[in-house]
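The values are calculated or read from the model by the stated rules, or taken from the named source; none is laboratory data. Not measured: the values here are computed from a predicted model. Heads up, the Cβs are rebuilt from the backbone with ideal geometry, glycines too, and the neighbour counts pull from every protein chain shown. These area figures cover heavy atoms from the full protein model, side chains too; ligands, DNA and RNA do not enter into them. Shrake-Rupley method; radii C 1.70, N 1.55, O 1.52, S 1.80 Å.
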Amino acid sequence: MGDIMKVQGLILVAAALLAPFLWWTSIAQGRDGVALFSQYLGLMALIAMAFSHLIATRWPGVEMVFGPMDQSYRLHKWLGIGAMVAILLHDTIDAEMRGLGRETALVELAETLGEISLYGLLILVVITIATFIPYHLWKWTHRFIGIFFLFGAFHYLFILKPFKNGDPLGLYMYVVCGIGTLAYFWTSAPRGWRPRRKYEIAKITSYGDAIAVDLAPKGRPLRHRAGQFAFFRFSGANLNEPHPFTISSAPEITGALRLTVAPLGDLTARVSRALAEGQAVEVDGPYGHFGRAKGPQVWIGAGIGITPFVALAQALPKDTPPVTLIYCLRDSADAPHLAELQAIAADNAAFELILWISPERGRLSAKALSETLPDLGNRKVLFCGPTTMQRALSRDLPAEGVPQRNFHFEAFEIRTGIGIRRFAEWLWQRREERKA
């Protein structure tokens, strides 16, 4: 499983969503139940969006409350989708009630802004889950979500509703809207207002299509643990938006960092082409808890997924329980950091390196892994690589004696769909099975 989302974070979100019911009994007396439910859906959407904005700040306490940033961003995504569903239902189900007062120009403006918020958020959610839309376009449009949250908050504050803004529920929602607004302004603040570490590109090393970028600090350096990632913004290369990359080097006293980039998407392809020595880099982080497993382990790095394991191998003590790294690749000629890993394996008896060249041995499977490592059931398995491979291993490893709790993978994807492709693949597989 991936690093686990913390239970207290989920409890906090659930409690916040259910909190309006503390005052619902008194509010519901003599009211239309259907309209009241629609009103609650509107409150739920605001609460979910406020939490989503809070997670997006990446404040230090976010990982403490909600878990590693990869899992926190998953929650961020589903809170946004849940808020969108709640808003659509709120708009569909009539929320009007009698005896709440008369409409004014301010009420009409609030209704209008509510409609704008609805359709604006709908468009942005579609752009978010339509992963074929280029990253930089998605990132540019994503900043408008906060504006639509503000429109939604204005809508809530000034529409006619069965309680007053000064009532306990009204004050609670003031706090919710305040948190969401503060979080939005923080994420939208000028870059100079937010803490960043300044670096400069010292060296670029090519490994076929991939590049390793060594960074030297220009001031106070970042402090990280092996296996963590950070957000990097490259200056002077028309790459204004920060993007997450795993740090592919163990912590150093000098504060130097290294990241390894392969042209897998539109932005990483641009990064690979545009970087040069001497360019300025801003770094925000570190984040993540990957690599904290204890005891005998198996590491599986597929393609550019080798990056966290390079850092972890560098930091591996010589008295550690045995660790075997399976490096899955198509060709060893230009494999990133292969010589470095071979040198570590030669120097550290606790670290074993196995090259899994797919054209020769086929794609690594749970069964093949078990045949290669007879003691697999006594080890924890850490994986970083393609999602399809992760899902196959997650599904099949229990049959080879590795329970789900002993399978760890880095699930960080700043932008994902909602499983439509997986659902379509599942339907197609069931169809082919029936035909067979």
When you scan region 171-250 for strands (runs of 3 or more DSSP E) that lie fully inside it, which ones turn up with 2 or more residues that are over 15 Å from Asp284 (Cβ atoms), in contact (Cβ under 8 Å) with a residue 40 or more places away in the chain and not charged (D, E, K, R)? 197-207, 210-217
Any chance you could count how many residues in region 27-55 are open to solvent by 80 Å² or more (accessible area, probe 1.4 Å) and free of Cβ contacts under 8 Å to residues at least 40 places away in the same chain? 2
In region 148-170, what residues are loosely packed, with under 15 Cβ neighbours inside 10 Å and either assigned to a helix (DSSP H, G or I) or among the polar types (S, T, N, Q) (or both)? Asn165, Pro168
Hits in region 371-382 - residues which are open to solvent by 30 Å² or more (accessible area, probe 1.4 Å) and not acidic (Asp, Glu): Thr372, Pro374, Gly377, Asn378, Lys380
Would you confirm whether or not region 82-101 contains a residue that is closer than 29 Å to Phe409 by Cα and charged (D, E, K, R)? no
Could you run through region 79-98 and say how many residues are hydrophobic (A, V, I, L, M, F, W, C), closer than 24 Å to Asp284 by Cα and either open to solvent by 20 Å² or more (accessible area, probe 1.4 Å) or touching a Gly at 6+ places or on another chain (Cβ under 6 Å) (or both)? 0
If only one of Val107, Val125 is more than 23 Å from the chain's Cα centre (by Cα), surrounded by fewer than 21 Cβ atoms within 10 Å (Cβ to Cβ), part of a helix (DSSP H, G or I) and at pLDDT below 85, which one is it? Val107
Please verify whether Ile11 is among the aliphatic types (A, V, I, L, M) and either closer than 30 Å to Gln228 by Cα or surrounded by fewer than 20 Cβ atoms within 10 Å (Cβ to Cβ) (or both), treating the condition exactly as stated. yes
Among the residues of region 274-290, are any within 20 Å of Trp356 (Cβ to Cβ), of a type in the set (Phe, Trp, Tyr) and open to solvent by less than 40 Å² (accessible area, probe 1.4 Å)? no
Would you pick out the residues in region 285-301 that are modelled with pLDDT under 90, in contact with a Leu (Cβ under 9 Å, 6 or more places away or on another chain) and on the phi < 0 side of the Ramachandran plot? Pro286, Phe290, Ala293
Looking only at region 43-77, filter to residues that are among the small types (Gly, Ala, Ser), touching a Lys or Arg at 6+ places or on another chain (Cβ under 9 Å) and part of a helix (DSSP H, G or I); which one of those is farthest from Tyr156 (Cα to Cα)? Ser72
